[in-house]
1. What distance in nm lies between label points placed 7 Å from Cα along the C-beta direction at S278 and Y41?
2. Mind ranking 212-225, 21-34 by how tightly packed they are, going by the mean number of other C-beta atoms within 10 angstrom, highest first?
3. Taking the Cα atoms only, what angle lies between the long axis of helix 293-302 and the longest principal axis of the chain, rounded to 10 degrees?
4. If you restrict to DSSP beta bridges whose two residues both lie in the chain, what percentage is antiparallel, to the nearest 5?
5. In terms of modelled amide H atoms, which long-range or inter-chain residues lie less than 5 Å from the amide H of I37?
6. To test your reading of the geometry: what angle, between 0 and 90 degrees and rounded to tens, separates the Cα axis of helix 355-367 from the longest principal axis of the chain?
7. Amide H neighbours of Q308 under 5 Å, counting only residues 5+ apart in sequence or on other chains, H built in-plane at 1.01 Å?
8. Which pairs in the list K28/K135; K302/K394; K208/K377; K197/K219; K178/K325; K302/K361 are over 27 Å apart, alpha-carbon to alpha-carbon?
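A short reminder: the numbers here are calculations on the coordinates, not readings from a lab. Source: prediction; values computed, not measured. Please note: Cβ atoms are built from the backbone with ideal geometry, for glycine as well, and neighbour counts cover all protein chains shown.
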Amino acid sequence: MRIARTLEEYAPHVGEKVIAEIYEHARKLYGTKIVHINSTYQGGGVAEMLLSLVPLMNYVGLEAEWRIISGRTEFFNVTKRIHNCLQGESGELTPEEQELHIRTNETFSEYTKIEHDAVIVHDPQPAPLIRFYKKRQPWIWRCHIDLSNPNTQVWSYLKQFILRYDRLIFSHEKYQPKNFPVKNYIIRPAIDPLIPKNQPLSDQEIEKLFKEFEIPTDKPIIAQVSRFDKWKDPEGVIDIFKQVKKEIDCRLILIGSMASDDPEGWQIYENVLKKAGSLIENREIILITIQHDLLVNAIQRKANVIIQKSLREGFGLTVTETLWKGRPVVASNVGGIPLQVKDGVNGFLLDPYDYTGFSEKIIYLLRHPETATRLGKAGKEIVREHFLITRLLKDYLKLLNDVFY
Ligand code: UDP
């Protein structure tokens with residue numbers, strides 16, 4: 001469980017002025033009832049943000065709630081396909097799959113009362129809900145995924161629901177659908193600097209966590225912190241690691257807890273296991289699937305290089321978290337990553353298929369720790385200015401003011 005924070009506790013990170021601005025934007029919204037609806041409490045960036053955002057919304061005077069759409073495995077198989085197709089995968093949703101998506105939403109609506117002043121629906125899983133309520137309040141669809149090149153059949157299926165919303169939110173200008181009649185906003189995701197995943201850790205605390213999880217620290221460490229998901233390309237990370245290892249003896253950690261709304265995780269994990277082969281037995285590659293915020297924190301701080309080899313990435317909170325810890329990233333130039341990483345300033349950006357480029361940059365950082373430190377410092381300031389939870393809270397309050405007044 002996380003400890004609910006006061007807004008004032010963020011002042012040392014963001015300054016008093018930001019805190020005062022948030023209170024100013026909250027004034028007209030006191031007592032406003034908001035409900036967020038998504039599909040998991042744990043795993044992935046959406047849950048990560050809501051865990052901090054919902055308590056903070058309450059703290060500043062709104063009455064914010066959070067509901068999770070429930071469904072069977074088959075439902076999450078379909079919604080994962082929708083997610084994949086919206087990020088550009090080919091294929092079609094069959095009428096049966098569409099029916100399952102819609103009916104699960106209908107069933108949820110039968111036992112979920114919505115009497116709030118505004119409804120914020122996250123991502124495609126609960127998007128059809130809007131069809132099953134008599135709409136008495138603004139409905140906002142918050143899309144967290146990379147919608148720049150969606151599969152047209154799946155997007156036109158989903159569009160019938162999205163058209164009913166009053167406002168849309170995207171993470172990147174590039175994701176806004178063309179010629180779409182619903183007013184939309186750009187809101188960048190953000191991290192919470194006060195949670196265990198992002199709090200400062202001493203060297204002793206880091207050592208202790210590495211010991212507890214039996215991760216040796218005798219060699220340089222490369223790590224990727226990401227769900228086992230094809231878009232995060234963990235298999236590609238292994239190929240790059242093998243190239244780097246020819247030059248520098250090092251170790252790879254892949255840490256990816258399993259999200260309850262992502263049924264593909266274990267399949268991808270199996271593929272990674274196969275690909276890593278004997279490197280797993282020698283603990284040259286370490287795979288971790290449990291959810292452990294402090295361990296993620298320790299790995300992001302201890303790794304000599306953090307890699308984010310995504311093929312698509314809505315935003316990439318893992319990148320934000322790494323930069324906040326003053327560590328450089330070597331990352332794909334896709335989706336929301338270039339909003340955070342400026343090539344050569346706070347990390348390196350590469351085409352996701354440029355394996356040689358990835359391994360060269362990793363080798364470079366392993367050989368030049370002083371450059372790694374310099375890039376990392378720049379990254380922390382970018383996050384402080386643009387990607388902390390207080391800015392996210394302020395953006396939501398501004399949007400709600402815009403909707404109501
Ligand atoms: N995460 C975690 N444990 C893991 C792997 C990931 O807590 O083993 C967290 C990670 O720290 C980040 C979130 O899950 O906060 C992933 O968000 P991101 O935007 O990077 O990707 P998403 O999973 O939403 O596609």
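1. Those two pseudo-labels are separated by 4.5 nm.
2. Details: 212-225: 17.6, 21-34: 15.9.
Result, highest mean first: 212-225, 21-34.
3. That works out to roughly 40 degrees.
4. On the way: 0 of 41 bridges.
Antiparallel: roughly 0 percent of the beta bridges in the chain.
5. R67, I120, V121, H122
6. For helix 355-367, the angle is close to 60 degrees.
7. So Q308 has HN proximity to V330, A331, S332.
8. Numbers: K28/K135 23 Å; K302/K394 32 Å; K208/K377 25 Å; K197/K219 24 Å; K178/K325 37 Å; K302/K361 18 Å.
Correct reply: K302/K394; K178/K325.
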